[in-house]
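Presented below is the structure to which this report refers.
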Amino acid sequence: MIRNDIKNDFPVFLNNSGIVYLDNSATTQKPQSVIDAVSRYYEYDNANPLRGLYSLSIRATDDYEDAREAVRQFIGADSVKEIIFTRNTSESLNLISYSYAENNLKEGDEVLVSILEHHSDLLPWQRVTRKTGAKLRFVDCDEEGLITEEAFKAALTDRTKIVTMTHVSNVLGVKNDIKKFAEIAHERGAVFVCDGAQSTPHMKIDVRDLDVDFFAFSGHKMLGPMGIGVLYAKEEILEGMDPFLYGGEMIDCVTRLSATYAELPHKFEAGTVNAGGACGLKAAIDYYNSIGIDNIEKRELELTEYAFGKLTAVPHLKLYGPATAAEHHGIFSFTVEGVHPHDIATILDESNICIRAGHHCAQPLLKYMGVQSTARASIAFYNSEEDIDKLAAALSEVRGMMGYGE
Ligand code: 7TS
């Protein structure tokens, strides 16, 4: 059960009375406990972690490493060596492309991406395939946004070395069967990368069960602070990879002309790390655990079904993606006939309703869908039926405000 007064845990709602926040796919709001954890780190424990030999610095190091352990448990990884802190999903995916893909791809090899990808899981692959002479191939989705097993198998070839796919689409809300696709990719000898930016905040993640080789996500989309993200990767793969960024803290021994590198995971964390952000991310994980990820999933499903019913009843509204409510995972992209999505978002803002409009950093997908832009509402467990009622009511008025009749 989620408490009825759950929004009171989030100061932004107390400081912006009446606001209806439905842009959770872009970033979530932060509970007081997360804000306090970041402050607490700077008020009590701040020193440069991993460097000092004095107690304060040791406490800073412990805070940072405790956060890594919290992340390990949260996603079910075997070892903290497999948890690398980055800035966000984008950096995590770039790390894979620079440190793994660039050294493992050659001319003629193929990288398979899905048409659903956010630009963050596309551009790094465009770059590395250009650089190595490998080929970038796409697996398309069906009309509802689903990638079928048949389509996936047909897109794989003996030359596919890397498959990369989002767990949940930030535009359509569809969830890919990552466990099955990773298994098929492995049978064909490819490694599997999963973009977990839109799934980790909303469902139980078990990287061992999914059996993915890489899994990337952002702290700020799961109640944590901005500027801290995660790359999970299997230890044996990380061991064989070159560092991503070079400099302080990622070394073992340095001579004038060469260096040996630190043990995992520090080999991939050059320079002073974001310890305050890591403390905030740990507090976010503690908050998830105090509510229970199962309860969050259940509540978000209820809200998703409620929103699906309300949105599909709005006249002249076209909803994109799955025809079944549950498959939207809290994400609704839509257009209103005759009204530009930017106008929809601006009109809704007058009622204090926050939604996103545009291409959602997924231009190839929108082109494939045959639209330039959509409006998007995305839900988190702290939203309410009342939020959705306000959204639907405001959407019903949009055409009238633009001068259309009934
Ligand atoms: N992958 C997916 C599936 C995403 O939805 C996003 C951000 C990213 C990667 C990039 O995450 P970042 O933390 O590195 O920026 N998606 C969105 C969105 O849908 N609206 O704003 C950002």
Looking at this structure, is Asn94 within 13 Å of the ligand (Cβ to nearest atom), assigned by TED's automatic domain parsing to the domain that holds Pro265 and more than 14 Å from Val193 (Cβ to Cβ)? no
Please work out which residue is farthest from the ligand (Cβ to nearest atom), limiting yourself to segment 1-35 and to residues that are acidic (Asp, Glu) and not in a helix (DSSP H, G or I). Asp5
Among the residues of segment 120-134, is there at least one that is crowded, with 24+ Cβ neighbours inside 10 Å, in a strand (DSSP E or B) and not assigned by TED's automatic domain parsing to the domain that holds Ala375? no
Do the conditions hold for Thr86, that is, is it in contact with a His (Cβ under 6 Å, 6 or more places away or on another chain) and either within 16 Å of the ligand (Cβ to nearest atom) or of a type in the set (Phe, Trp, Tyr) (or both)? no
Candidates Val71, Val38, filtered to the one that is away from the ligand (no atom under 16 Å from the Cβ) and within 25 Å of the chain's Cα centre (by Cα): Val38
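Here's the yes/no breakdown for (1) within 27 Å of Phe244 (Cα to Cα); (2) over 17 Å from the mean Cα position of the chain (by Cα):
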residue	(1), (2)
Ser92	yes, no
Glu102	yes, yes
Leu172	no, no
Val191	yes, yes
Report the residue count in segment 291-313 for those that are under 22 Å from Asp5 (Cβ atoms) and polar (S, T, N, Q). 2
Six or more apart or on different chains, Cβ under 7 Å: which pairs go from a residue in segment 201-216 that's in the same structural domain as Ala185 (by TED's automatic domain parsing) to one that's among the basic types (Lys, Arg)? Could you list them? Pro201/Lys221; Asp209/Lys179; Leu210/Lys179; Asp211/Lys179; Asp213/Lys234
May I ask you to list the residues in segment 326-344 that are under 23 Å from the mean Cα position of the chain (by Cα) and surrounded by fewer than 20 Cβ atoms within 10 Å (Cβ to Cβ)? Ala326, Glu327
Quick one: which helices (runs of 4 or more DSSP H) lie wholly within segment 158-267 and hold at least 3 residues that are in contact with a helix residue (DSSP H, G or I) (Cβ under 8 Å, 6 or more places away or on another chain) and not acidic (Asp, Glu)? 178-187
Of the residues that sit in segment 290-311 and are free of Cβ contacts under 8 Å to residues at least 40 places away in the same chain and within 20 Å of the chain's Cα centre (by Cα), which one is nearest to Ala377 (Cα to Cα)? Leu301
Quick check on segment 125-184: of everything there that is within 26 Å of Ser218 (Cβ to Cβ) and among the hydroxyl-bearing types (Ser, Thr, Tyr), which residue is nearest to the ligand (Cβ to nearest atom)? Thr166
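Per-residue answers, yes or no, for (1) of a type outside the set (Lys, Arg); (2) within 19 Å of Ala233 (Cβ to Cβ); (3) modelled with pLDDT of 95 or more:
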| site | (1), (2), (3) |
| --- | --- |
| Arg51 | no, no, no |
| Arg59 | no, no, yes |
| Glu69 | yes, yes, yes |
| Ile83 | yes, yes, yes |
| Ser99 | yes, yes, yes |
| Glu102 | yes, yes, yes |
| Val111 | yes, yes, yes |
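Yes/no matrix, rows are residues, columns are (1) within 14 Å of the ligand (Cβ to nearest atom); (2) of a type in the set (Val, Ile, Thr); (3) buried (at least 23 other Cβ atoms within 10 Å of the Cβ); (4) in contact (Cβ under 8 Å) with a residue 12 or more places away in the chain:
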{"site": "His186", "(1), (2), (3), (4)": "no, no, no, yes"}
{"site": "Lys221", "(1), (2), (3), (4)": "yes, no, yes, yes"}
{"site": "Val230", "(1), (2), (3), (4)": "yes, yes, yes, yes"}
{"site": "Met241", "(1), (2), (3), (4)": "no, no, no, yes"}
{"site": "Cys253", "(1), (2), (3), (4)": "no, no, no, no"}
{"site": "Ala262", "(1), (2), (3), (4)": "no, no, no, yes"}
{"site": "Lys282", "(1), (2), (3), (4)": "no, no, yes, yes"}
{"site": "Asp286", "(1), (2), (3), (4)": "no, no, no, yes"}
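The values are calculated or read from the model by the stated rules, or taken from the named source; none is laboratory data. For clarity, every value in this text was computed on a predicted model and none was experimentally measured. Don't worry about glycine lacking a Cβ; one is built from the backbone with ideal geometry, like all the others, and counts go over all protein chains shown.
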